[in-house]
Amino acid sequence: MSCENGSSKLLTGLIIGAAAGSVIGILMAPRAGRETREKLKNEAEKLKEELKNCSNDLKVKTTKFKNDFEEKLEKIKSKLKSDIDSN
């Protein structure tokens, strides 16, 4: 699963909605308590893994953005220094 910058709110809403729908569906299904708890545990593990992947993806994108920003800032600083020195 990938988290895009502009769609992180949508993704969060979809994940929360899916989790809520899954829990309601599981609780409403006619199963024994043990089976229901096992199913909830499995769904929680899946959600945890999806959130971990999304978090890692966001961390990578944030680091890339930071590095790109610092690189552009250095170019601007260098150009300004060059312009000042030439005057």
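The values are calculated or read from the model by the stated rules, or taken from the named source; none is laboratory data. This is a predicted model, so every value here is computed, not measured. Cβ atoms come from the backbone with ideal geometry, glycine included; neighbour counts cover every protein chain shown.
For this structure, a couple of remarks:
- Exactly one residue out of Lys46, Lys79 is assigned to a helix (DSSP H, G or I) and either surrounded by 11 or more Cβ atoms within 10 Å (Cβ to Cβ) or modelled with pLDDT under 85 (or both): that is Lys46.
- Within the range 28-36, at least one residue is out of contact with any strand residue (DSSP E or B) (no Cβ under 8 Å at 6 or more places or on another chain), of a type in the set (A, V, I, L, M, F, W, C) and not in a helix (DSSP H, G or I).
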